[in-house]
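Chemist: Here it is: the structure, laid out below.
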Amino acid sequence: MQITLIALVENKPGVLNRVASLFRRRNFNIESLNVGRTERPDVSRMTIVLDNGTVDARKVEANLYKLVNVIDVQDVTNQPAVTRDLALIKVSATSDQRAEIANLVSIFRARIVDMAPDSVIVEITGTEDKIEGLVELLRPLGILEMVRTGQVAMMRGTASGVRYAPGANGNQVFEKVVG
Amino acid sequence: MTKKTGAEILWECLVREGVEVVFGLPGGAIMPVYDAMLYYPVHHVLVRHEQGAAHMADGYARASGKVGVAMTTSGPGATNLVTGIATAMMDSSPIVCITGQVHAHLIGGDAFQETDVTGITLPITKHNFLVTSADEIAEVVREAFYIARSGRPGPVLIDFCKNAQVEEAEFSYPEEISLPGYKPPDHAPLEDLESAVELIEGSERPVILAGHGVLMSNATDALRIFATKTQTPVAMTLLGLGSLPASDPLSLGMMGMHGEAYCNLAIQNADLLLAFGMRFDDRVTANLRTYAPRARKIHVEIDPSEVHKNVEVDVPLVGDLNTVLTDLIPLVDEYDHEEWLGEIEEWRAESQARDILTWPDDGKLYTAHVIRNIWQATNGEAILTTGVGQHQMWSAQYYCLEKPNRLITSGGAGTMGFGLPATIGAWFAQPDQEVWLVDGDGSFQMTQAELSTALQEGANIKIAIMNNRFLGMVRQWQEFFFESRYSGTPLSCPDFVKIGEAHGIPGRRVTETNEVVPAIEFARQTDGPVLLEFLVEKEEAVYPMVPTGADLDKMIRRPIRKQPTAAD
């Protein structure tokens, strides 16, 4: 089982290092971690996926608030959220295998974004399950390379994720904090 | 707006933060700051090793309640601070360390005395900053001091590039600070307070666990009022000693590995624990699986990451301890808990029968006796600093505190060598108070170079070295758990009195029990630093002791010594 957290952090040098260092120090096992810009230039957004074998979301949230640069944390595991992962998969493909690949790709609503004499690159966006499904079907053809962005997540509509840490910034609405 | 160099802006801001003394040692990458220092009303204490600077700032912070400041150059100057910063981190002590760094354009090029200091100190600071241009420094200093002293206090480091020290920038003191991600909690929610009150109402055998947070939150009055109103006995952690006067009938003294037996028994038999500003360290809980098995738990704590960390609690109250207790006091009723307190009194009487202080004089010099004599001479009101080891535990047990912020000791990190520099720092914070260092022969030798700092500053500190010619606490573990194989623990010591004399510090060596009190009086009557060396029993052990991993009430107890009879 995995837990997915969204963390808003100040867009400053070294913040990713602080988060990674904290997770290492507290022995939290990162499955994937995605960082990027947001609608605000001074705020970055992290989507953090952890293996919850050793840790629960409340503990991770409380520890993240120990970092001065962390503004807001929500747990979106099992919440009405849109989660997406993007993968580029280079598959070995002779000219007579291309049709089979094209067929799989269209069933999964993926795309072929590059074609070489003996390989193709497939691009797929979706949930983790969907990507795993395509990967399993492509594997027998020979996967030469694969790269994945890690999950990104966003709550649907006006819903928000779960904020646990009492007394920390979790008690405050993001707008109030960043305002 | 006026233009100033980065170094001048640093001092402008430090002075505005109320900094009067800085502990440090200069070097290439911090020289512009040292040059500018001459024009500001700040006293600089030159240390002999940078570790001493961090410990002095720490001792200063703990004795004054203000932020202590350490300053060093880049590279080895900065890395020598590391042990001191980690010590301050573990004990939540507010210090600000300012380190020089090479020119910003040289960073990453392995320049002379370049070290990634913000990288090294990332996990052992509350926060750190790298300043690469002069226009950043004012805001950074303001934020650093605010972060260090607010919420759960801790060390903050500012790594200051040399170009930023010499460049000029417009200076205006930032009145506001903007830290969108940093909002220390204050009040706990009312519904949580009500849940706590319910547990308190239903409890017949409650115990308060008072930690360092009580002192740091200035909650000693609130604690006393709460404990008295609810007649709840108070157990204290090592760093929480002084939260309640030792003479208060509700005081159970120190808990944990070397805590009072009756205190640990009370915790194990409690039906409710009220943890105030403490973090259930393994040295106070012992075996977590069997810790306080029948007790519900209320945890008042300012750092939400401490809640449920080691011990799952029933009611967490996240907030400032003094605020939460002040909110809680009017909500609770008065209780007497007569039966429970009576039961604890029986355990207490049994413990006293085993106390080394009740032993008849056998002509031997025991550390516990010496500490008790210092306690009597100083009325228990001196500031007492320690190193780490047996002498530290005996100090905690026998220097019974009537007032808060009197025991300055490295708890969480257990840093040997903390004592002497922390004592010097404490003296700078409280120059009008009597300041004693009780140290061990092993601990003292780690930082004894600072004797020359004490001399240079004329620090009026009294040093008492308990010399047992061993790394005593390790030797004790070897005796109990390694069949007395004394591997690496016997210690040859120099003549400490002569070392003192070499520094112009008068001293006495004590070998007989009847010399103890006169030596203590000699130290107290002499102005300036004094060094006393006590040649104490070599193989005495600290009791009680909970072996690592054992249950908290499975203590190794001091054997009861029979009173001598006519037949003896």
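Chemist: Quick one: in the range B:55-84, which of the residues that are hydroxyl-bearing (S, T, Y) and more than 14 Å from B:V96 (Cβ to Cβ) is surrounded by the fewest Cβ atoms within 10 Å (Cβ to Cβ)?
Modeler: So, considering only residues that are hydroxyl-bearing (S, T, Y) and more than 14 Å from B:V96 (Cβ to Cβ), the one surrounded by the fewest Cβ atoms within 10 Å (Cβ to Cβ) is B:T79.
Chemist: Give the range B:81-104 a look and list any residue that's touching a Gly at 6+ places or on another chain (Cβ under 8 Å) and part of a loop (DSSP other than H, G, I, E, B), or say none.
Modeler: Listed by number, the residues that qualify are B:D91, B:S92, B:S93, B:P94.
Chemist: Pick from the range B:122-143 the residues that are at the interface with another protein chain (Cβ under 10 Å from one of its Cβ atoms) and among the aliphatic types (A, V, I, L, M): which of them is nearest to A:F23 (Cα to Cα)?
Modeler: Ranking the candidates gives B:L122 first.
Chemist: Have a look at A:R24, A:R37 and point out the one that is more than 21 Å from A:R163 (Cα to Cα) and either at pLDDT 95 or above or under 16 Å from the mean Cα position of the chain (by Cα) (or both).
Modeler: Just one listed residue meets the conditions, A:R37.
Chemist: How about the range B:505-525: which of its residues are surrounded by fewer than 15 Cβ atoms within 10 Å (Cβ to Cβ) and free of Cβ contacts under 8 Å to residues at least 40 places away in the same chain?
Modeler: B:N514, B:P518, B:Q525
Chemist: I've got another one for you. Being without any contact (Cβ under 8 Å) to a residue 40 or more places away in the chain, more than 14 Å from B:E50 (Cα to Cα) and not assigned by TED's automatic domain parsing to the domain that holds B:T447, is that true of even one residue in the range B:72-80?
Modeler: So far as the range B:72-80 goes, no, none of its residues is without any contact (Cβ under 8 Å) to a residue 40 or more places away in the chain, more than 14 Å from B:E50 (Cα to Cα) and not assigned by TED's automatic domain parsing to the domain that holds B:T447.
Chemist: Related question: Against the condition in a loop (DSSP other than H, G, I, E, B), modelled with pLDDT of 95 or more and aliphatic (A, V, I, L, M), how does B:V388 come out, does it pass?
Modeler: Judged against the criteria, B:V388 is a match.
Chemist: Return the total of residues in the range B:345-380 being farther than 19 Å from B:K538 by Cα, touching a Leu at 6+ places or on another chain (Cβ under 7 Å) and not in a loop (DSSP other than H, G, I, E, B).
Modeler: Of the residues in the range B:345-380, 1 are farther than 19 Å from B:K538 by Cα, touching a Leu at 6+ places or on another chain (Cβ under 7 Å) and not in a loop (DSSP other than H, G, I, E, B).
Chemist: I would also like to ask the following. Quick one: A:G133 ticks every box in (1) among the small types (G, A, S); (2) surrounded by 14 or more Cβ atoms within 10 Å (Cβ to Cβ); (3) in contact with a strand residue (DSSP E or B) (Cβ under 7 Å, 6 or more places away or on another chain) except a single one, so which number is it?
Modeler: (3)
Chemist: Restricting to the range B:271-318, give me the number of residues that are of a type outside the set (A, V, I, L, M, F, W, C), within 14 Å of another protein chain (Cβ to nearest Cβ) and without any contact (Cβ under 8 Å) to a residue 24 or more places away in the chain.
Modeler: Final tally of qualifying residues: 3.
Chemist: Further question: Does A:V91 meet the test of being crowded, with 17+ Cβ neighbours inside 10 Å and in contact with a Lys or Arg (Cβ under 8 Å, 6 or more places away or on another chain)?
Modeler: no
Chemist: Sticking with this one: Hey, any hits in the range B:320-342 for a residue that's within 14 Å of chain A (Cβ to nearest Cβ), aliphatic (A, V, I, L, M) and touching a Leu at 6+ places or on another chain (Cβ under 8 Å)?
Modeler: yes
Chemist: Another one. Look through B:G119, B:G109 and report the one residue that is away from chain A (no Cβ under 14 Å), on the phi < 0 side of the Ramachandran plot and free of Cβ contacts under 8 Å to residues at least 40 places away in the same chain.
Modeler: B:G109
Chemist: Under 8 Å between Cβ atoms, which residue pairs at least 6 apart in sequence (or on different chains) link something in the range B:434-445 that is on the phi < 0 side of the Ramachandran plot and in a helix (DSSP H, G or I) with a partner that is among the charged types (D, E, K, R) and surrounded by fewer than 24 Cβ atoms within 10 Å (Cβ to Cβ)?
Modeler: B:D441/B:R469
Chemist: If I go through the range B:526-559 residue by residue, how many of them are within 24 Å of B:R469 (Cβ to Cβ) and either without any contact (Cβ under 8 Å) to a residue 12 or more places away in the chain or of a type in the set (D, E) (or both)?
Modeler: Residues in the range B:526-559 being within 24 Å of B:R469 (Cβ to Cβ) and either without any contact (Cβ under 8 Å) to a residue 12 or more places away in the chain or of a type in the set (D, E) (or both): 4 in total.
Chemist: Take B:G500 and decide whether it is touching a strand residue (DSSP E or B) at 6+ places or on another chain (Cβ under 6 Å), of a type in the set (G, A, S) and closer than 19 Å to B:I374 by Cα.
Modeler: Criteria not met by B:G500.
Every residue, every condition in (1) free of Cβ contacts under 8 Å to residues at least 12 places away in the same chain; (2) more than 14 Å from chain B (Cβ to nearest Cβ); (3) farther than 30 Å from B:T118 by Cα; (4) touching a strand residue (DSSP E or B) at 6+ places or on another chain (Cβ under 9 Å), yes or no:
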| position | (1), (2), (3), (4) |
| --- | --- |
| A:P13 | yes, no, no, yes |
| A:R18 | no, no, no, yes |
| A:N27 | no, no, no, no |
| A:N34 | no, yes, no, yes |
| A:R45 | no, no, no, yes |
| A:I71 | no, no, no, yes |
| A:T77 | no, yes, yes, yes |
| A:L88 | no, yes, yes, yes |
| A:I112 | yes, yes, yes, yes |
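Chemist: OK, next. Evaluate the following for B:V15: is it in contact with a Pro (Cβ under 7 Å, 6 or more places away or on another chain), more than 18 Å from B:D116 (Cα to Cα) and in contact (Cβ under 8 Å) with a residue 12 or more places away in the chain?
Modeler: Judged against the criteria, B:V15 is a match.
Chemist: List the helices (runs of 4 or more DSSP H) inside the range B:1-75, counting only whole elements, that have at least 1 residues being among the hydroxyl-bearing types (S, T, Y) and in contact with a Lys or Arg (Cβ under 9 Å, 6 or more places away or on another chain).
Modeler: Counting at least 1 such residues, we get B:50-64.
Chemist: Is it the case that the range B:185-203 has a residue that's surrounded by fewer than 24 Cβ atoms within 10 Å (Cβ to Cβ) and either in contact with a His (Cβ under 7 Å, 6 or more places away or on another chain) or on the phi > 0 side of the Ramachandran plot (or both)?
Modeler: Scanning the range B:185-203, I find no residue that is surrounded by fewer than 24 Cβ atoms within 10 Å (Cβ to Cβ) and either in contact with a His (Cβ under 7 Å, 6 or more places away or on another chain) or on the phi > 0 side of the Ramachandran plot (or both), so the answer is no.
Chemist: Okay, moving on. Checking B:N264 against (1) modelled with pLDDT of 95 or more; (2) within 14 Å of chain A (Cβ to nearest Cβ): exactly one of these is not met. Which one?
Modeler: Failing condition for B:N264: (2).
Table: residues versus (1) within 14 Å of another protein chain (Cβ to nearest Cβ); (2) out of contact with any Asp or Glu (no Cβ under 7 Å at 6 or more places or on another chain); (3) modelled with pLDDT under 95; (4) part of a strand (DSSP E or B).
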| site | (1), (2), (3), (4) |
| --- | --- |
| A:I131 | no, no, no, no |
| A:L138 | no, yes, no, no |
| A:M154 | no, yes, no, yes |
| A:T158 | no, yes, yes, no |
| A:Y164 | yes, no, yes, no |
| A:G170 | yes, no, yes, no |
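Chemist: Of all residues in the range A:1-11 being in a strand (DSSP E or B) and more than 12 Å from chain B (Cβ to nearest Cβ), which is surrounded by the fewest Cβ atoms within 10 Å (Cβ to Cβ)?
Modeler: Among residues in the range A:1-11 that are in a strand (DSSP E or B) and more than 12 Å from chain B (Cβ to nearest Cβ), the one surrounded by the fewest Cβ atoms within 10 Å (Cβ to Cβ) is A:Q2.
Chemist: Every residue in the range B:1-33 that is surrounded by 19 or more Cβ atoms within 10 Å (Cβ to Cβ) and of a type in the set (S, T, Y), please.
Modeler: B:T5
Chemist: Would you say B:G419 is in contact (Cβ under 8 Å) with a residue 12 or more places away in the chain, within 25 Å of B:H44 (Cα to Cα) and surrounded by fewer than 18 Cβ atoms within 10 Å (Cβ to Cβ)?
Modeler: The answer is no for B:G419.
Chemist: Given the residues B:N163, B:N128, which is the only one that is under 29 Å from A:R25 (Cβ atoms) and touching a helix residue (DSSP H, G or I) at 6+ places or on another chain (Cβ under 7 Å)?
Modeler: None of the others qualify; the one that does is B:N128.
The values are calculated or read from the model by the stated rules, or taken from the named source; none is laboratory data. Please read these numbers as outputs of a predicted model, since none were measured by experiment. All Cβ positions, glycine included, derive from the backbone under ideal geometry; neighbour counts span all protein chains shown.
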